[in-house]
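The values are calculated or read from the model by the stated rules, or taken from the named source; none is laboratory data. Quick caveat: nothing in here was measured; it's all calculated off a predicted structure. Backbone-built Cβ (ideal geometry, glycine too); neighbour counts: all protein chains shown. Surface accessibility is based on the protein's heavy atoms, side chains included, excluding ligands, DNA and RNA. Shrake-Rupley method; radii C 1.70, N 1.55, O 1.52, S 1.80 Å.
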Amino acid sequence: MLITLEGLDGSGKTTVWEALHDSHPEATFTREPTESWYGEAVNRAIDDDGADPLATLFLFTADHADHLSRTIRPALENDELVISDRYSDSRYAYQAAALSGSDLTRPMEYIRGIHSAFTREPDKTIYIDVDPETAAARSGSTNQFEDAAFLAQVESNYERLIDAEPERFVRVDGTQSPEAVIDTVEDVVDRLRGSQS
Ligand SMILES: Nc1ncnc2c1ncn2[C@@H]1O[C@H](COP(=O)(O)OP(=O)(O)OP(=O)(O)O)[C@@H](O)[C@H]1O
Ligand SMILES: Cc1cn([C@H]2C[C@H](O)[C@@H](COP(=O)(O)O)O2)c(=O)[nH]c1=O
């Protein structure tokens, strides 16, 4: 089973993902951007305010392809629980926002189209919900994406994704205390595991 954690920068995904290591030591934990050289290239683009947004999309997508073939598919074939901190929805939400003023008329549909031929959809996606102002303040605005106005566009893209596939997403209130968010997510993961056996 593939469970992904999604949300704005600073929503608390990594805090939850780290806590899940203790409650679910049997799982395979992974993330995007990855730690491969593709992920290193992605991180260079994130840190370059002048990076071309279409080039950045393709770097993220290359990292995703490698992530799928090297980590995600082998673990799923081995019947493991896989928990990923960010995955394809991050591209649909962030790069669609980054490309909103470009020549692409429907950036989200374009990005989904690129992925559809090769990706593997998550079984469930836990969306940690915080408002863009909280997200920007918590993340410290250290890169081009961590800006409240940009994150407002990303948030509305996530809402489109949730509206399109409400059965795949579980929304968790990320403005609760870290302990409450972790407890809520652990309950969700336990329920999903229980419903599988
Ligand atoms: N529920 C919470 N309430 C208040 N602060 C939180 C909460 N969860 C996490 N934080 C704090 O917010 C900051 C960002 O948390 P975290 O790194 O987990 O977010 P993230 O969603 O993984 O961010 P990014 O996508 O930018 O990596 C950290 O300083 C963390 O301690
Ligand atoms: C996977 C992915 C990530 N991003 C953005 C979101 C963040 O600002 C950075 C790095 O992610 P992290 O969780 O803070 O480590 O990259 C993106 O724009 N598109 C993506 O596909």
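Computed on the chain, with alpha-carbon pairs under 8 angstrom and 6+ residues apart, the relative contact order is 33 percent.
Here the chain is treated with +1 on each Lys and Arg Cβ and -1 on each Asp and Glu Cβ, and its dipole about the Cα centre works out to around 520 debye.
Its residue count N fixes a reference of 2.2 N^0.38 Å for the stretch 117-165, and the Cα radius of gyration divided by that reference is 1.33. Can you send over the carbon and sulfur percentage of the accessible area for the chain, probe radius 1.4 Å, protein chains only? Of the solvent-accessible surface of the chain, carbon and sulfur hold 48 percent.
Please report the equivalent ellipsoid semi-axes of the stretch 1-116, computed as sqrt(5 x eigenvalue) of the Cα gyration tensor, largest first, in whole Å. Intermediate results must be reported in sequence, preceding the final value.
Details: eigenvalues 135, 46, 36 Å².
With the √(5λ) rule applied to the stretch 1-116, the semi-axes are 26, 15, 13 Å.
Projected label points at residue 160 and residue 121, each 7 Å from Cα along the beta carbon direction, are separated by 1.8 nanometres. Site pair residue 176 and residue 195 shows an inter-label distance of 1.7 nm when each label is modelled 7 Å from Cα along Cα→Cβ. Helix screen, the chain: DSSP H segments with Cα axial length of 20 Å or more and mean Kyte-Doolittle hydropathy at least -0.5 are 53-67, 148-164, 178-196.
The Kirkwood hydrodynamic radius of the stretch 80-142, based on inverse pair distances between different Cα atoms, is 13.8 Å. Once Rh is set to the Kirkwood radius over Cα pairs, what Stokes-Einstein translational diffusion coefficient, in µm²/s, holds for the stretch 52-109 at a temperature of 20 °C and a viscosity of 1.002 mPa s? It diffuses with D of about 169 µm²/s by this estimate. Per residue, the accessible area of the stretch 2-196 comes to 46 Å², computed with a 1.4 Å probe over protein heavy atoms only.
Can you give me the orientation-averaged projected area of the convex hull built on the Cα atoms of the stretch 2-196, in nm²? The partial results should precede the final answer.
Values: hull surface 41.8 nm².
Quarter of the Cα hull surface area: 10.4 nm².
Taking 0.36 nm per residue of sequence separation and removing the Cα-Cα distance, the residue 80/residue 186 pair yields an extension gain of 36.5 nm.
Output the relative contact order of the stretch 44-114, whole-number percent, from Cα pairs under 8 angstrom with separation of 6+ residues.
27 percent
The slack between residue 133 and residue 153, meaning 0.36 nm per residue of separation minus the straight C-alpha distance, is 6.0 nm.
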